[in-house]
Amino acid sequence: MDGRDTLLRTWAQSVAQAAGQGALTGKQIQISNVDYIAGPRAGAILLYAGLDADKLLDVMLKSEMAKLRQLVPWDFPGDPQAYMAGRAVRLEAGWPKGYAETMVRLSQLGQHVKHVDQDGRWIVGKDEYGRTVVAGLSDASPHFLIAGQSGSGKSVALRGAVTQLARDPLNRVILCDGKHGEGLSALSRLSVAPVADDGATIRSALSWACTEMRHRYEAGGHEGRIVVVFDEFQEFAKDAAISGLMARIAAQGRAAGVHLLAATQHPSVDSFGDKGTRRNLSGRMALRVGDAEASRVAVGGSNPRADRLFGCGDCYAVGPQNINRVQVAYVDADDINREPGREPEFVEWPVFTPEEIGQDIPGPGRPVSVFTNDQIAVALISAAMGEGRGKFEGRLRKAGLQVPGTDNLRRLLEDGKAIRNRLDSLVEWEISGEVTD
């Protein structure tokens with residue numbers, strides 16, 4: 001038993017004694033079992049209190065967690081946390097100075113993980129139980145949101161992902177940087193073309209990815225993955241073309257092996273441009289963010305709180321069915337330079353051409369639409385029949401077409417109604433209008 005285990009057991013005994021004596025809620029609460037977690041950056045205890053778990057959690061959260069703060073038996077940095085983890089009440093607090101593990105190098109973790117550089121997988125870091133956490137671009141998590149403020153370790157997380165994904169010779173990496181290359185320039189030797197770092201080149205890079213995606217669908221198969229890495233994408237949230245291209249990749253890229261790693265310092269609902277993009281980023285890496293609202297977007301829920309992480313690689317890795325607190329594997333410039341790199345496919349990105357990828361992707365200044373012509377045709381029919389969303393969704397399924405998420409489904413039906421109204425007005429004009437030479 002090391003010093004961290006001793007601290008955790010002392011903490012659990014204090015909480016169990018106070019709960020059993022009624023000192024927390026005025027009523028005795030029996031703790032039946034305790035699990036101990038000595039993570040790299042914080043310690044946690046899982047308290048099993050049966051049907052009284054809600055009462056135990058409530059008292060720990062009251063008055064800015066006053067009782068929880070008093071019970072932690074060490075000087076902790078930042079704010080502690082309390083939330084339900086399965087059937088247990090989880091209490092956690094950052095380690096005192098000298099106990100925290102803030103540096104875990106990638107080279108320390110990759111020795112015993114087989115085939116990590118294949119199948120779209122990469123090592124994220126070390127979890128609370130000392131295990132190596134691996135993420136993957138899969139059907140369940142085809143796209144990732146990586147969120148974290150300055151100093152959180154977001155750039156390190158991106159470097160680790162790109163470095164490892166680029167090792168697979170079948171993968172092709174595209175780098176887009178909303179901060180003029182500041183975050184991704186060190187990785188340019190691993191990309192198919194120079195880092196796209198302004199509006200014009202980012203449109204061209206995303207357009208190329210969408211063109212390749214269309215070619216893959218037409219061919220009925222593909223080898224390897226196209227990985228689009230877009231750092232600080234929120235800088236272009238108001239660019240209709242860029243938002244539309246991102247939305248198309250997020251909505252349609254999975255089956256074609258086209259994946260999106262979207263990173264931001266300032267996660268908010270408005271930063272995505274298109275609401276559907278956020279929903280399709282089912283994989284999450286939430287590093288320290290600025291506030292509770294940013295945490296909700298980064299994590300995908302109200303708990304755990306990413307604004308209470310400690311920075312420097314402290315991270316919640318969020319998958320479809322689990323959340324792991326991870327210390328992100330450290331990758332520096334020397335690690336990147338040791339990678340073999342690859343010959344770029346382009347000296348510069350091909351010019352952005354909406355016609356190459358489909359008329360539904362707008363040029364700069366044009367409204368965004370990410371619906372196929374078939375979807376719009378069905379929307380027009382439903383609008384003509386005066387149908388609501390339920391019957392419209394049924395028509396899409398019957399036609400074998402993808403049913404968009406709730407917001408996009410409503411928007412698609414509204415587009416059908418707008419087109420229908422426009423057609424009615426044009427027909428009326430043709431009947432009543434006079435044409436003169």
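Key figures for this structure:
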| quantity | calculated |
| --- | --- |
| Flag for residue 209 being open to solvent by less than 50 Å² (accessible area, probe 1.4 Å), touching a Ser or Thr at 6+ places or on another chain (Cβ under 9 Å) and of a type outside the set (Asp, Glu) | no |
| Matching residues in the stretch 45-67 - criterion: being touching a strand residue (DSSP E or B) at 6+ places or on another chain (Cβ under 6 Å) and part of a helix (DSSP H, G or I) | 53, 56, 57, 60, 61 |
| Lone qualifier among 135, 140 - being of a type in the set (A, V, I, L, M, F, W, C), in contact with a helix residue (DSSP H, G or I) (Cβ under 9 Å, 6 or more places away or on another chain), modelled with pLDDT under 95 and under 21 Å from residue 259 (Cα atoms) | 135 |
| Residue list for the stretch 85-109, filter: in a strand (DSSP E or B) and within 23 Å of residue 292 (Cα to Cα) | 85, 88, 89, 90, 91, 92, 93, 94 |
| Residue in the stretch 39-50 that is open to solvent by 50 Å² or more (accessible area, probe 1.4 Å), farther than 15 Å from residue 10 by Cβ and over 24 Å from the mean Cα position of the chain (by Cα) present | yes |
| Scope the stretch 20-37; condition under 23 Å from residue 79 (Cα atoms), surrounded by fewer than 20 Cβ atoms within 10 Å (Cβ to Cβ), touching a residue at least 12 places away in the same chain (Cβ under 8 Å) and not charged (D, E, K, R); matching residues | 25, 34, 36, 37 |
| Given (1) exposed (fewer than 15 other Cβ atoms within 10 Å of the Cβ); (2) modelled with pLDDT of 95 or more, index of the condition residue 8 fails | (1) |
| Hits in the stretch 257-300 - residues which are within 19 Å of residue 405 (Cβ to Cβ) and open to solvent by 20 Å² or more (accessible area, probe 1.4 Å) | 268, 269, 270, 273, 275, 278, 279, 280, 282, 284, 296, 300 |
| Scope the stretch 290-315; condition of a type outside the set (D, E, K, R) and either in contact with a Pro (Cβ under 6 Å, 6 or more places away or on another chain) or in a strand (DSSP E or B) (or both); matching residues | 294, 297, 298, 315 |
| Any chance residue 157 is more than 17 Å from residue 257 (Cα to Cα), crowded, with 24+ Cβ neighbours inside 10 Å, modelled with pLDDT of 95 or more and out of contact with any helix residue (DSSP H, G or I) (no Cβ under 8 Å at 6 or more places or on another chain) | yes |
| Those residues of the stretch 316-343 which are under 29 Å from residue 191 (Cβ atoms) and assigned to a loop (DSSP other than H, G, I, E, B), in sequence order | 319, 320, 329, 331, 332, 339, 340, 341, 342, 343 |
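The rows are residues; the columns are (1) over 28 Å from residue 311 (Cα atoms); (2) in a helix (DSSP H, G or I); (3) in contact (Cβ under 8 Å) with a residue 24 or more places away in the chain; (4) of a type in the set (Gly, Ala, Ser).
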| residue | (1), (2), (3), (4) |
| --- | --- |
| 10 | no, yes, yes, no |
| 18 | yes, yes, yes, yes |
| 43 | no, no, yes, yes |
| 69 | no, yes, no, no |
| 83 | no, no, yes, no |
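The values are calculated or read from the model by the stated rules, or taken from the named source; none is laboratory data. Everything numeric here is computed off the predicted structure, so don't read it as measured data. Because the Cβ atoms are built from the backbone with ideal geometry, glycine has one as well, and the counts that use them run over all protein chains shown. Side chains included, ligands, DNA and RNA excluded: accessible areas come from the protein's heavy atoms. Shrake-Rupley method; radii C 1.70, N 1.55, O 1.52, S 1.80 Å.
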